[in-house]
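Here is the structure we will look at.
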Amino acid sequence: KLKITGDLTMHGITKTVVLDASYKGPTTNPMSKKPDVGFKIIGKINRADFKLGEKFGEAMISEEVILTANGEFQQG
């Protein structure tokens, strides 16, 4: 498990976010036949921090937004 810290910009607003990354293991890319590694990345942001959905109350849209990404990476 890793922590990834970086700046996220949405709607012209930049905030530092921390995301959790977990190593999913090696695989072979079926097209290039080269080794890849997989990661799953997950984190949470507050939508109000980025002025998203300001007209909607929390009863309609949660303040917490969960970000999830899966990625495969290959050495160049």
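The values are calculated or read from the model by the stated rules, or taken from the named source; none is laboratory data. Since the model is a prediction, treat every value here as computed from it, not as a measurement. Positions of Cβ are generated from backbone atoms using ideal geometry, with glycine treated the same way; all protein chains shown enter the neighbour counts. The accessibility values were calculated without ligands, DNA or RNA, using every heavy atom of the protein model including side chains. Shrake-Rupley method; radii C 1.70, N 1.55, O 1.52, S 1.80 Å.
Heavy-atom accessible surface of the chain, averaged per residue, reaches 78 Å², computed with a 1.4 Å probe. Note on residue 8: accessible area approximately 50 square angstrom, rounded to 10, probe 1.4 Å, nucleic acids and ligands left out. The trypsin sites (Lys or Arg not before Pro) of the chain meeting both criteria, a DSSP state outside H, G, I, E and B (loop) and at most 11 other C-beta atoms within 10 angstrom of the site's C-beta, are 1, 33, 51, 55. Full extension of the chain between residue 59 and residue 41 gives 3.7 nm of extra length, using 0.36 nm per residue less the Cα-Cα distance. Tell me the relative contact order for the chain as a rounded percent, counting alpha carbon contacts under 8 Å between residues six or more apart. Relative contact order comes out at 27 percent.
Taking all protein chains as shown and a probe of 1.4 angstrom, residue 32 keeps an accessible surface of around 50 Å².
Computed on the Cα atoms alone, the convex hull of the chain gives a volume of 131 cubic angstrom per residue. If R0 equals 30 Å, the separation of the Cβ atoms of residue 48 and residue 21 corresponds to a calculated FRET efficiency of about 0.75. In this Cβ point-charge picture (+1 for Lys and Arg, -1 for Asp and Glu), the chain has a dipole of about 300 debye about its Cα centre.
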